[in-house]
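Reading through the structure tokens given below for one structure.
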Amino acid sequence: MCGISGFFDRSFNLNNGTLQKYCEVMKHRGPNDSGIYENNFTTGNLGFAHTRLSILDLSPLGHQPMVFKNWVIVLNGEIYNFKEIRNQLINKGYTFASESDTEVVLKAFDCWGMDCVKEFIGMFAFAIADTENQNIYLCRDRAGVKPLYYYFDQKKLVFGSEMKVFFQTENIPKNISTSGLYQFLQYGYVKGPNTIVENINKLEPGTWLVYNTNNNTITNTTYWNIAEHYKKPKFNGSFTDAVSESETLIKSACSYRMVADVPVGIFLSGGFDSSMVTALLQKDRTQKLKTFTIGFPDGVDESGDAQKIAAHLGTDHTSYDCSYGDAKEIIPQLPFFYDEPIGDISAIPTMLVSKLARKDVTVALSADGGDELFGGYPGYKNNVSRLAQINKIPFAPMTSILFKTIGKITENNNPWLSKKVTGVGNILNHKKEKQYIELYKHVNGLPNGTINNIIKHKQHTEATSNFSNLTNVVDSLFIIDFEQSLRDYLLIKVDRATMAYSLEGREPLLDHRLIEFSAQLPFDYKIDQFNNKKIIKEIVYKYLPKELMDRPKVGFDLPIFDWLKNDLKYLLDEYLSESNLNQSDLLNTKQILQMKELFLVNQLKEKDLIWRVLVFQMWYIKWIKN
């Protein structure tokens, strides 16, 4: 796990000093080593930088940037099956100096070119420069576990694992994207490939970017897309067969992610997903695995359940209760580590559990993705019913126009009513395979009218996805959560939180083999009228008593809003003051001050919005104003 960054500058202005800045600002991602590489092409200056968190081959032989023939690489992530790939390459005549997966990636690229990624099981973001033909290749893993951002303006290409790289680079404008700001306030994140800053982009997961320095063009090529697997014929085996195959794939994914030359632990929340990962890995092991949990005594606290599960499985368990004091310590750090703002309050305990785990381990397995792959959210079943009811409304074209008209009329004085009727109107106006996109906006986003009241530059740019030609309409339920809230929200949260403490986070349930298999499972194998996440539950019941697991699914509940009214109120007083709100000329100061006062007397319905505005203000003052 590491931080990667670099540039190609046609003006020859960026140099060694720039690369040193990149290393310094991302040293939390890789405190064990750092390195830079420079080379002058005929058309510009090439620079690569790398900060290393040593996980495999702790020796200097794993140092990056790494060079082989005319290739130079910087890699962030892990290729879990690198030993099998290495053996394939040895059979083709390649030799190896190190035990690192970086050398395997570099020589796999030399052997197979861009098709090398078809061999990789893992999480990765890397850049490779071809010093002979003067091309640069950027690549990101299929699920988007590892981040990669880039900026291109005809004069230079700059890339990095985190956005703070661009804030260290001369002549990159820091203009706020009005559509990005709108999305952030409405959903709590910005949908890729865009970011909250204009012209800084996320490289989409499952994508290659190729920069031809000779003709100064970039080309993006998708090598993997989850929607393509939902279009394949559905699994025709029995439910029992589906459970068996899922368990086999999950076991393989978990086993691969235990490969490391440093200690490995597990985040254990007490839910089905993390309990399953822990159970599968602890089984048949004599050494106790280390598991970690954060509790919330002032909120919804499942740490006691996690403790019982850990005791039953026999892990070496550590639990810690999150207090307002912890939040007080962590919140000021959020803008630095979340250099593109994330509106998820669970970033706080995710950082805290990462800090806790880092005392004992260097790698921690998480269990993100189980809900998105196997139907864990109650909304899946509810939303299918919602769509069925909406589609019973007669005269859809005319009714759609009527509902949207009512929505427009009521947008300012009753934004929640406007949101409901506009959402229904938009759903009726779309074909079946597009309807869940509109339902997602309707259910998950704050009302347009609410956002319009506080943002000066009104721009209705929504998070969207392309689900054309799906064989099953309900598949869009899973795709949109995977492509949006998972990879652009939850995975960014986990990456920044773990990396803040130089901890490598691994995601076994996002192994692409498991993702592809789950995409072909029939909907009723995942969800029926009685149960969500049926397959995961069947696996867990093999290892844990039902009475330990069968309890109501509860949402995350950190009492941040109570703290903001009391012990943490100073944050609102500082960052949501009139003077600080006026800094950006992006938000309506008067409206936000009124919103703050309503919040403090428990009369604000959109509590999430007060947190998002606070997060944005802290980020803006850190990275844009300063």
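The values are calculated or read from the model by the stated rules, or taken from the named source; none is laboratory data. These numbers were taken from a predicted model, which means no experiment stands behind them. All Cβ positions, even for glycine, are placed from backbone atoms using ideal geometry, and neighbour counts span all protein chains on display.
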List the pairs whose first member sits in the stretch 314-327 and is not assigned by TED's automatic domain parsing to the domain that holds N566, whose second member is surrounded by fewer than 14 Cβ atoms within 10 Å (Cβ to Cβ) and at pLDDT below 90, and whose Cβ atoms are under 7 Å apart, counting only residues at least 6 apart or on separate chains? D321/P297
In the set Y501, Y525, the lone residue that is under 17 Å from F374 (Cβ atoms) and in contact with a Lys or Arg (Cβ under 7 Å, 6 or more places away or on another chain) is Y525
Unmet requirement for L572, which otherwise passes all of (1) among the hydrophobic types (A, V, I, L, M, F, W, C); (2) outside any loop (DSSP other than H, G, I, E, B); (3) at pLDDT below 95: (3)
For the stretch 199-258, give me each residue that is within 22 Å of N76 (Cβ to Cβ) and of a type in the set (D, E). E204
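From the list V601, V613, which one is surrounded by 15 or more Cβ atoms within 10 Å (Cβ to Cβ) and of a type in the set (A, V, I, L, M, F, W, C)? Working first, answer last.
Details: V601 fails: surrounded by 15 or more Cβ atoms within 10 Å (Cβ to Cβ).
Checking each option against the conditions leaves just V613.
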Identify, from the list P147, P205, P173, the residue that is farther than 18 Å from I128 by Cα, outside any strand (DSSP E or B) and not assigned by TED's automatic domain parsing to the domain that holds R506. P173
Confirm whether A388 is closer than 30 Å to D528 by Cα, touching a residue at least 24 places away in the same chain (Cβ under 8 Å) and of a type outside the set (K, R). no
Counting only residues that are crowded, with 16+ Cβ neighbours inside 10 Å and of a type in the set (S, T, Y), which one in the stretch 383-404 is nearest to L439 (Cα to Cα)? S400
Hits in the stretch 343-368 - residues which are touching a Leu at 6+ places or on another chain (Cβ under 7 Å) and among the aliphatic types (A, V, I, L, M): I345, A347, I348, A357, A364, A367
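So, I73, is that one under 29 Å from the mean Cα position of the chain (by Cα), closer than 24 Å to F12 by Cα and not acidic (D, E) or not? Before you say what the answer is, go through the steps one by one.
Details: under 29 Å from the mean Cα position of the chain (by Cα): yes; closer than 24 Å to F12 by Cα: yes; not acidic (D, E): yes.
When the stated conditions are applied, I73 passes them.
Can you name every residue in the stretch 211-227 that is crowded, with 17+ Cβ neighbours inside 10 Å and either closer than 28 Å to F41 by Cα or touching a residue at least 40 places away in the same chain (Cβ under 8 Å) (or both)?
The answer is Y211, T213, W224, I226, A227.
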So which residues in the stretch 582-596 are assigned to a helix (DSSP H, G or I) and touching a residue at least 60 places away in the same chain (Cβ under 8 Å), if there are any at all? Q591, I592, M595
If you go through the stretch 150-170, how many residues are in a loop (DSSP other than H, G, I, E, B) and touching a strand residue (DSSP E or B) at 6+ places or on another chain (Cβ under 9 Å)? 4
For G192: the one exception among (1) in contact with a Pro (Cβ under 9 Å, 6 or more places away or on another chain); (2) surrounded by fewer than 20 Cβ atoms within 10 Å (Cβ to Cβ): (2)
Would you pick out the residues in the stretch 91-120 that are surrounded by fewer than 16 Cβ atoms within 10 Å (Cβ to Cβ), under 26 Å from the mean Cα position of the chain (by Cα) and in contact (Cβ under 8 Å) with a residue 24 or more places away in the chain? M114, K118
Kindly evaluate R285 against the criterion of being touching a Lys or Arg at 6+ places or on another chain (Cβ under 6 Å) and of a type in the set (D, E, K, R). no
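Please find, within the stretch 262-284, the residue that is nearest to L514 (Cα to Cα) out of those that are in contact (Cβ under 8 Å) with a residue 60 or more places away in the chain and surrounded by fewer than 16 Cβ atoms within 10 Å (Cβ to Cβ). Even if it seems obvious, please write down each step before you answer.
Keep residues of the stretch 262-284 that are in contact (Cβ under 8 Å) with a residue 60 or more places away in the chain, which gives 262-267, 269, 271-277, 279-281, 283.
Subsequent filtering for residues that are surrounded by fewer than 16 Cβ atoms within 10 Å (Cβ to Cβ) retains 262-263, 283.
Values: V262: 26, P263: 25, K283: 21 Å.
Only one residue fits best here, namely K283.
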Find all pairs meeting these conditions: Cβ atoms under 8 angstrom apart; at least six residues apart or on different chains; first residue within the stretch 60-71 and at negative phi; second residue surrounded by fewer than 14 Cβ atoms within 10 Å (Cβ to Cβ). L61/A97; N70/E132; N70/N133
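Any residue in the stretch 228-240 that is of a type in the set (A, V, I, L, M, F, W, C), more than 21 Å from the chain's Cα centre (by Cα) and in a helix (DSSP H, G or I)? I'd like the intermediate steps shown before the answer.
Restricting attention to the stretch 228-240, the residues satisfying the condition of being of a type in the set (A, V, I, L, M, F, W, C) are 235, 239.
From what's left, more than 21 Å from the chain's Cα centre (by Cα): 235, 239.
Adding the requirement that they be in a helix (DSSP H, G or I) leaves 239.
Checked against the condition, which is being of a type in the set (A, V, I, L, M, F, W, C), more than 21 Å from the chain's Cα centre (by Cα) and in a helix (DSSP H, G or I), the stretch 228-240 yields at least one hit.
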